[in-house]
Amino acid sequence: MPIWVQTALLLAASNVFMTFAWYGHLKNLSTSPWYIAALISWGIALFEYLLQVPANRIGAQELNLAQLKIMQEAITLTVFVPFAVLYMQQPLKLDYLWAALCILGAVYFIFRA
């Protein structure tokens, strides 16, 4: 499997954990004290880091730092929008499309030869 695919898959899985760690408590723990939400989020974030660190180490074999970061941002938006709409019950907005087009522009400029 190509290195960029391995990296993208690990970053996608990492982003699922990251998104739940950052925002899941707003739905599931809204009545709990903030420090309980923080501790649970830290526990979830551990799994994010267990995927994100190897993803970046694998990716760094062929991608530069800027390419790794922009790939991460593109994947973050790809994970966040379904999370926001499906899990958090937020309305689907046209602004997500505009944001995706901006990220697509960043991907183009950072990965062009």
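Every read-out reported here was derived from the displayed coordinates using simple, explicitly stated rules and does not represent laboratory data. Keep in mind that what you see is a predicted model, and the values were worked out from it rather than measured. Counting neighbours? That spans all protein chains shown, and the Cβs are built from the backbone with ideal geometry, glycine included.
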Scan of the stretch 33-52 for residues that are surrounded by 13 or more Cβ atoms within 10 Å (Cβ to Cβ) and closer than 22 Å to residue 84 by Cβ, ordered by number:
37, 38, 40, 41, 44, 45, 47, 48, 51, 52
Going through the stretch 10-37 in order, the residues found to be part of a helix (DSSP H, G or I) and either free of Cβ contacts under 8 Å to residues at least 12 places away in the same chain or of a type in the set (D, E, K, R) (or both) are 27, 28, 34, 35, 36
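Would you confirm, using the coordinates I've provided, whether residue 107 is surrounded by 14 or more Cβ atoms within 10 Å (Cβ to Cβ) and touching a Phe, Trp or Tyr at 6+ places or on another chain (Cβ under 7 Å)? Break it down stepwise before answering.
Details: surrounded by 14 or more Cβ atoms within 10 Å (Cβ to Cβ): yes; touching a Phe, Trp or Tyr at 6+ places or on another chain (Cβ under 7 Å): no.
No, not satisfied.
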Please specify each residue of the stretch 53-90 satisfying the condition of being of a type in the set (Val, Ile, Thr), farther than 20 Å from residue 2 by Cβ and under 12 Å from the mean Cα position of the chain (by Cα).
76, 79, 81
Only one residue in 84, 55 is surrounded by fewer than 18 Cβ atoms within 10 Å (Cβ to Cβ), small (Gly, Ala, Ser) and in a helix (DSSP H, G or I). Which one?
84
